[in-house]
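Visitor: The structure that follows is given in the form of structure tokens.
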Amino acid sequence: MIFVARLALLSALLTAGPRLGVAQGAPIAQNYAGLTFHSPPKPLAPGAVTADWPHFLGPRLNATTAETKLLGQWPSSGPAKVWEMETGEGYACPVFSAGKLVHFHRVDGQETVDCLDPETGRRFWRFAYPVEYQDRYGFNPGPRSSAGIDGERIYIVGVTAVMHCLDLNTGRVIWRRDLMADYKIPQYFFGYGPTPVVWEDRLIVNVGGKAREGSTGTCVAAFDKITGKTLWEVEDPWGASYASPIVTKLRGRDVALVIAAGESRPSVGGLITLDPKTGQVFDRFPWRAKVYESVIAGTPIALNERHVYISECYEKGGALLEFDEHLKSRVVWTQRGFGLHWMMPLQIDGHLYGFAGRNPPDTEFKCLQIETGKIIWSDDTRFDENGRTQSFFRASLLQADGRFFCLGEDGLLGEFQLTPKGATLRQRVRLFQATSAWTLPALYRGLLYVAQNTRDVRSDKAPRIICYDFRGS
């Protein structure tokens with residue numbers, strides 16, 4: 001009888017699933033309220049190349065991926081849905097590694113991490129903690145930054161700057177830091193927003209702390225990715241932007257590029273270039289609109305080992321910087337007409353392509369020649385749909401397999417052929433009709449994941465993550 005009772009208890013534990021925020025050890029993926037499964041995806045095409053997507057900017061931190069053999073011509077109704085899940089509030093991109101999908105959002109007043117099966121949407125585990133934040137401009141109060149995956153660890157920083165390191169397999173908390181308490185981080189315009197980046201043994205974070213006694217405030221810090229211990233700090237008054245730091249090579253050296261631009265009066269900020277190992281600052285380039293209510297959300301892009309492009313959309317636009325052997329920058333050119341709001345431009349054969357402009361009415365798809373800084377063409381991407389003029393507006397671009405995909409901010413998906421002669425729309429489909437689709441789509445193992453961040457005005461469907469079968473035959 002005791003043996004039978006123990007078997008019954010073990011069976012109950014295995015089928016109950018992990019409790020909120022509690023590690024269970026190799027939990028089994030389960031269905032849950034809000035998940036709709038449509039149909040299994042096609043098998044991967046023979047010889048298809050796949051890649052993890054561990055950061056919201058993709059595996060290369062530049063909105064590109066090595067994935068190949070993707071769906072060619074879409075059906076008129078769009079790529080087939082595999083599954084969709086209702087989500088909470090936020091603007092995070094789902095990230096992927098080792099057969100796991102990780103999504104960070106706010107559900108019922110708690111910042112929540114869901115770990116899912118990428119092909120079914122079933123949940124392995126959920127971790128959550130309460131958060132108090134109200135956006136003073138009326139945007140939703142969910143996380144602005146996305147999770148990041150490194151090996152078997154997940155890193156998240158919420159809208160109130162509480163940072164966690166979680167175990168990818170179980171959701172167990174490995175360590176926690178309250179950055180707002182540690183560094184006196186203010187709320188800023190839209191809460192705390194930058195996504196950290198992992199480099200070697202450390203996590204590099206645009207902290208954006210305010211002045212403490214005897215200091216000007218910690219702007220950037222590195223934390224041991226295993227323990228959370230502080231490794232170095234950089235004092236600077238520029239604060240925290242809404243862009244992610246990246247680590248790249250300039251002049252043969254590893255450098256961290258950090259766009260720092262917190263709320264301040266007068267407005268200050270720009271690009272800080274530093275040594276990711278020691279925190280030594282090599283260069284500090286001011287680039288911020290004078291407008292008080294301005295932010296910078298576009299991550300810098302290293303075009304090669306000498307040149308970096310940065311942009312803001314409120315006043316100054318874009319700038320190309322060249323770094324010398326001492327890692328000091330000089331301006332090659334500036335271009336007011338190529339200021340991107342939050343998305344990263346694509347670099348293709350000596351040109352940059354992106355949707356430039358601050359607001360939807362003044363946004364245009366543009367091509368810029370890198371050598372000269374001249375805008376080669378502009379396209380407002382407008383077309384008629386059901387008797388109404390539509391556009392991609394402030395869209396995000398994704399490059400894969402030599403193809404260029406585009407998600408408009410109200411749910412329009414397109415594929416463009418891009419050359420210095422112009423942008424040719426190869427195909428398009430409306431996935432949903434909802435505002436604030438500001439999250440770069442993710443590609444993982446031939447499946448496309450799109451975040452619908454607000455309620456669909458046509459169907460009234462709640463915010464959701466939708467998985468589409470993007471596999472070629």
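The values are calculated or read from the model by the stated rules, or taken from the named source; none is laboratory data. Predicted model only: the values in this text are computed from it and were never measured. Cβ atoms come from the backbone with ideal geometry, glycine included; neighbour counts cover every protein chain shown.
Visitor: Determine which member of the set Thr273, Thr230, Thr278 is at pLDDT 95 or above and closer than 22 Å to Asn62 by Cα.
Guide: When all the criteria are applied, what remains is Thr273.
Visitor: Is it fair to say Ser215 is modelled with pLDDT of 95 or more and outside any strand (DSSP E or B)?
Guide: no
Visitor: From the residues in the stretch 149-172 that are among the β-branched types (Val, Ile, Thr) and in contact (Cβ under 8 Å) with a residue 40 or more places away in the chain, which one is surrounded by the most Cβ atoms within 10 Å (Cβ to Cβ)?
Guide: Step by step, filter the stretch 149-172, then rank; the result is Val157.
Visitor: A further question on this structure: Mind checking which pairs have a first residue in the stretch 379-401 that is touching a residue at least 60 places away in the same chain (Cβ under 8 Å) and assigned to a loop (DSSP other than H, G, I, E, B) and a second that is buried (at least 20 other Cβ atoms within 10 Å of the Cβ) and of a type outside the set (A, V, I, L, M, F, W, C), Cβ under 9 Å, 6 or more apart or different chains?
Guide: Asp401/Thr65; Asp401/Glu67
Visitor: Here's another thing I want to ask about it. Taking interchain pairs and intrachain pairs at least six residues apart, which have beta carbon atoms under 6 angstrom, with the first residue in the stretch 211-225 and among the polar types (S, T, N, Q) and the second assigned to a loop (DSSP other than H, G, I, E, B)?
Guide: Thr216/Pro237; Thr218/Val207; Thr218/Gly209
Visitor: Follow-up question, since we're still on this one. Please state which of the following conditions Pro286 fails to meet, knowing it meets all the rest: (1) closer than 25 Å to Thr439 by Cβ; (2) in contact with a strand residue (DSSP E or B) (Cβ under 9 Å, 6 or more places away or on another chain).
Guide: Unmet condition: (1).
Visitor: Can you tell me how many residues within the stretch 51-83 are surrounded by fewer than 17 Cβ atoms within 10 Å (Cβ to Cβ) and not basic (Lys, Arg)?
Guide: Counting residues in the stretch 51-83 that are surrounded by fewer than 17 Cβ atoms within 10 Å (Cβ to Cβ) and not basic (Lys, Arg) gives 7.
Visitor: Can you work out which of the residues in the stretch 386-402 that are in contact with a strand residue (DSSP E or B) (Cβ under 6 Å, 6 or more places away or on another chain) and over 19 Å from Thr454 (Cβ atoms) is surrounded by the most Cβ atoms within 10 Å (Cβ to Cβ)?
Guide: Applying the filter and picking the extreme gives Leu397.
Visitor: Which one of the conditions (1) within 30 Å of Tyr137 (Cα to Cα); (2) out of contact with any helix residue (DSSP H, G or I) (no Cβ under 7 Å at 6 or more places or on another chain); (3) surrounded by fewer than 22 Cβ atoms within 10 Å (Cβ to Cβ); (4) at pLDDT 95 or above does Gly317 fail to meet, given that it meets all the rest?
Guide: (2)
Visitor: Between residues in the stretch 255-277 that are under 13 Å from Trp238 (Cβ atoms) and residues that are acidic (Asp, Glu) and not in a strand (DSSP E or B), which pairs lie under 8 Å by C-beta distance while being six or more apart or on different chains?
Guide: Pairs that qualify, where the first residue is under 13 Å from Trp238 (Cβ atoms) and the partner is acidic (Asp, Glu) and not in a strand (DSSP E or B), are Ala260/Asp236; Ile272/Asp236.
Visitor: Among (1) of a type in the set (Asp, Glu); (2) part of a loop (DSSP other than H, G, I, E, B); (3) in contact with a strand residue (DSSP E or B) (Cβ under 9 Å, 6 or more places away or on another chain), which single condition is Glu132 missing?
Guide: Failing condition for Glu132: (3).
Visitor: Farther than 24 Å from Gln399 by Cβ and of a type in the set (Asp, Glu) - does that describe any residue in the stretch 336-354?
Guide: Within the stretch 336-354, none of the residues are farther than 24 Å from Gln399 by Cβ and of a type in the set (Asp, Glu).
Visitor: Among the residues of the stretch 35-66, how many are farther than 23 Å from Ile310 by Cα, in a loop (DSSP other than H, G, I, E, B) and among the hydrophobic types (A, V, I, L, M, F, W, C)?
Guide: Counting residues in the stretch 35-66 that are farther than 23 Å from Ile310 by Cα, in a loop (DSSP other than H, G, I, E, B) and among the hydrophobic types (A, V, I, L, M, F, W, C) gives 6.
Visitor: Okay, next question. Let me confirm something: among Glu409, Glu415, which residue is among the charged types (D, E, K, R), at pLDDT 95 or above and buried (at least 23 other Cβ atoms within 10 Å of the Cβ)?
Guide: Step by step, each of Glu409, Glu415 is checked, and only Glu409 is among the charged types (D, E, K, R), at pLDDT 95 or above and buried (at least 23 other Cβ atoms within 10 Å of the Cβ).
Visitor: Collect the residues in the stretch 376-422 that are in contact with a helix residue (DSSP H, G or I) (Cβ under 8 Å, 6 or more places away or on another chain), within 12 Å of Glu364 (Cα to Cα) and not polar (S, T, N, Q), keeping them in residue-number order.
Guide: Phe393, Arg394 - these are the residues of the stretch 376-422 that are in contact with a helix residue (DSSP H, G or I) (Cβ under 8 Å, 6 or more places away or on another chain), within 12 Å of Glu364 (Cα to Cα) and not polar (S, T, N, Q).
Visitor: Now a separate question. Would you kindly identify the strands (runs of 3 or more DSSP E) lying entirely within the stretch 247-360 that contain at least 2 residues that are of a type in the set (A, V, I, L, M)?
Guide: 253-260, 270-274, 307-312, 317-323, 329-335, 346-348, 351-356
Visitor: Ok, one more. Considering each of Gln134, Gln110 in turn, give the residue that is polar (S, T, N, Q), free of Cβ contacts under 8 Å to residues at least 12 places away in the same chain and over 17 Å from Pro54 (Cα atoms).
Guide: Gln134
Visitor: Hey, another quick one. Would you be able to say whether some residue in the stretch 271-285 is buried (at least 21 other Cβ atoms within 10 Å of the Cβ), within 24 Å of the chain's Cα centre (by Cα), closer than 27 Å to Ala221 by Cβ and not aliphatic (A, V, I, L, M)?
Guide: Within the stretch 271-285, one or more residues are buried (at least 21 other Cβ atoms within 10 Å of the Cβ), within 24 Å of the chain's Cα centre (by Cα), closer than 27 Å to Ala221 by Cβ and not aliphatic (A, V, I, L, M).
Visitor: Given the residues Thr227, Thr218, which is the only one that is crowded, with 22+ Cβ neighbours inside 10 Å, over 23 Å from the mean Cα position of the chain (by Cα) and within 23 Å of Met180 (Cα to Cα)?
Guide: None of the others qualify; the one that does is Thr218.
Visitor: With of a type outside the set (Phe, Trp, Tyr), within 20 Å of Ala437 (Cα to Cα) and modelled with pLDDT of 95 or more as the only criterion, which of Arg122, Arg106, Arg126 stands out?
Guide: Arg106
Visitor: Further question on the same structure: Exactly one condition in (1) at pLDDT below 95; (2) out of contact with any Gly (no Cβ under 7 Å at 6 or more places or on another chain); (3) not aliphatic (A, V, I, L, M) is not met by Gly58; state its number.
Guide: (1)
Visitor: Separate question: I need a count of the residues in the stretch 90-113 that are assigned to a strand (DSSP E or B) and of a type in the set (Ser, Thr, Tyr).
Guide: The total comes to 2.
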